[in-house]
1. Among (1) modelled with pLDDT of 90 or more; (2) in contact with a helix residue (DSSP H, G or I) (Cβ under 9 Å, 6 or more places away or on another chain); (3) over 25 Å from THR171 (Cα atoms), which single condition is ASP100 missing?
2. In the range 118-163, which residues are part of a loop (DSSP other than H, G, I, E, B), crowded, with 16+ Cβ neighbours inside 10 Å and in contact (Cβ under 8 Å) with a residue 40 or more places away in the chain?
3. Considering the range 32-88 alone, what residues qualify as being in a strand (DSSP E or B) and β-branched (Val, Ile, Thr)?
4. Which count do you get for residues in the range 293-336 that are more than 22 Å from ASP250 (Cβ to Cβ) and part of a loop (DSSP other than H, G, I, E, B)?
5. For LEU523, are the conditions met, namely being farther than 30 Å from GLN552 by Cα and assigned by TED's automatic domain parsing to the domain that holds VAL442?
6. For the range 523-559, which residues satisfy the criterion of being more than 30 Å from THR409 (Cβ to Cβ) and not charged (D, E, K, R)?
7. Yes or no: LYS283 farther than 27 Å from MET327 by Cα and part of a helix (DSSP H, G or I)?
8. Inspect all residues belonging to the range 543-552 and state whether any of them is surrounded by fewer than 18 Cβ atoms within 10 Å (Cβ to Cβ), more than 33 Å from the chain's Cα centre (by Cα), part of a helix (DSSP H, G or I) and at pLDDT below 85.
Amino acid sequence: METKLKEREKTNIIAIKELKGLQFYVEDYQRGYKWGAKQVTELLDDINSFKKEDQAFYCLQPIVVKEREKNKFELIDGQQRLTTTYIILQCLGITLFNLDYKTRKQSEEFLNKVKNLAVVDLNKTKLNIAWGDYVAESPKEYDNVDNYHFFCSYQIITNWLQALNFSEKETFTKNLCTYTKVIWYNIKSELSPEEIFINFNQGKIHLEQAELIKALFVLYLKTEPNLEIRAFKTNQFAEEWNTIENQLQDDSFWYFVSNDTSDKRKANRIDLLFDIVKKKPKKEQSNLFAYHKYLHQLNTETLKNKDWQEVKNLFNLLLEWFQNRTMYHYLGLLIHLEIKSISEVYQDYLEHEDIKDKLDFEKQIKLWIADKINISNPDSKYNLSNLVYQTPKQTHTILVIHNVATYHTSDTNYRFPFDKLKTQKWSLEHIHAQKSEEFKKVLEIQNWISDIKLLLNDANSTFDLEEQLNILEEEILKHKPDDIIPKSIKRRINELSNLLDKKLDTHSIKNLCLLDNTTNSSLSNSNFQDKRKSILQIDMQGGIVKSNGKKQKTFIPICTKNVFLKYYTKNTNAINFTFWGYEDRKDYEEALEQNITNFLNLSND
């Protein structure tokens, strides 16, 4: 039995007869047995209609268990199916496995004696009346909802079986024991069965859909009668599966087609392809949606070679798009911005003959993006004049597009790193701004005032704040540089800072760029000059060197590097790396608008 158990864990799919000698426990945290006449009858009819020459086996859905000890399992999911199977076997006079209901003591006793019940002719007596007659003559504690459903299922099954002749019953028994199989899923976890049950039903524990689908395809391939051809096809399928999964495990490919940064698909990213092929709805919560579709096909003899070919065709198309640099940038951006999912793009591609030409399809993707991102319309929420730090989603979007466009128009070997964008969580960063509320020492205020005066002077300001700055400067000279800032001064700084933010457009897009969260947090509350020095050093080092000497890898977006190199500043004879001035900001905003307009402009095609 121990050897068979290991085989079960390895293959995941086992026949009912292989459950022989096993003990299953249904604990009191489970809901009671609820199957009605329709479900029981459908199961009987499905098993009875199975034909070996048409399909390999009839497959039930997963049985999820947690092993207690050798041959003893707590039932986590599949209670209704396994209980109905147990009652059918009892009606046939067969005992393969034991089922202990702990929900109610009387339920366990009743189920163990169910085969001794008198059979009621349902053509003459209704189930409710038969149950009423039974409980009137039985101990009072037997009258509970579990026993009612056990009783009804037993009567339905025995009446159904009585309609079969001896030969038909033999065939049915063989179909049930030998050709009906379950997906066996033994959860290995340190959690208690109760915690597993809760997590499983809340969707925190997932059955591995890809592995279940893989088993279905392998079993379909086993229907090939020629052993050599079967072996060849099975090996070929395994190699193709591994090739696809390995490519999807490449983050640069995965984050081109997906925004999923969770670990849900980490082990089996091929799941995405099955969901796309089977048109899984956006709001569908089941992580076994595609599996159920394939299982139905297997049980209705419609699972064919073309089903695996469809998955391969989808993968090859995605790979072709990935390898095409233009498609990579535009389609990758479309997916990232959630304008369309890769599933929606694929369905559009299949359904619209007029966009199947590669260039036409590229234009269509640009149109989808341009329809969403309209920077030329003054009323658009993506118009640059409307983008500020307080509109983080739209501002972030425009800065991402600017980076993608910059990569696209640069050297043909460069490709925008969607994987880094999605896994590192890039955030908005002020190019030249300090948070006055974070100042703690007098020296920080002195440096801040010097910085502000440079900016105001550079902006050709009327300098109506000069007097207030001078008064503040005289006030702080009364204190030592290392002194803690007095509350009265801090309050005045915050008021002045709010006025300066408006005057200098501190929060507008012309003073914003993108940085990954790690680099952003390492810059502290620095001015432009110090930020520039830190960013260039991090970029040259390839990361941030921690105090323990270890390096934490980071990524500086190309447009952010360009900002601190003053790449966008037109007057190269007057570049000042001390601050981010008026001309720097104006030229940067112009470059943003021009770059994005060119990137999305269809007339250039």
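1. Unmet condition: (1).
2. Step one: of the range 118-163, the residues part of a loop (DSSP other than H, G, I, E, B) are 118-126, 137-139, 143-144, 163.
Subset that is crowded, with 16+ Cβ neighbours inside 10 Å: 120, 122, 144.
Matches in the range 118-163: ASN144 only.
3. Filtering the range 32-88 down to residues in a strand (DSSP E or B) leaves 58-69, 72-77.
Matches in the range 32-88: ILE63, VAL64, VAL65, ILE76.
4. Of the residues in that region, 5 qualify.
5. no
6. Matches in the range 523-559: SER524, ASN525, SER526, ASN527, VAL545, SER547, ASN548, GLY549, GLN552.
7. Working: farther than 27 Å from MET327 by Cα: yes; part of a helix (DSSP H, G or I): no.
Against the criterion (farther than 27 Å from MET327 by Cα and part of a helix (DSSP H, G or I)), LYS283 does not qualify.
8. Taking the range 543-552 and keeping what is surrounded by fewer than 18 Cβ atoms within 10 Å (Cβ to Cβ), we get 543-552.
When the remaining residues are screened for being more than 33 Å from the chain's Cα centre (by Cα), the result is 547-549.
Next, only the ones that are part of a helix (DSSP H, G or I) stay: none.
No - not one qualifying residue is present in the range 543-552.
The values are calculated or read from the model by the stated rules, or taken from the named source; none is laboratory data. Source: prediction; values computed, not measured. Every residue, glycine as well, gets a Cβ built from its backbone with ideal geometry; the counts of neighbours run over all protein chains shown.
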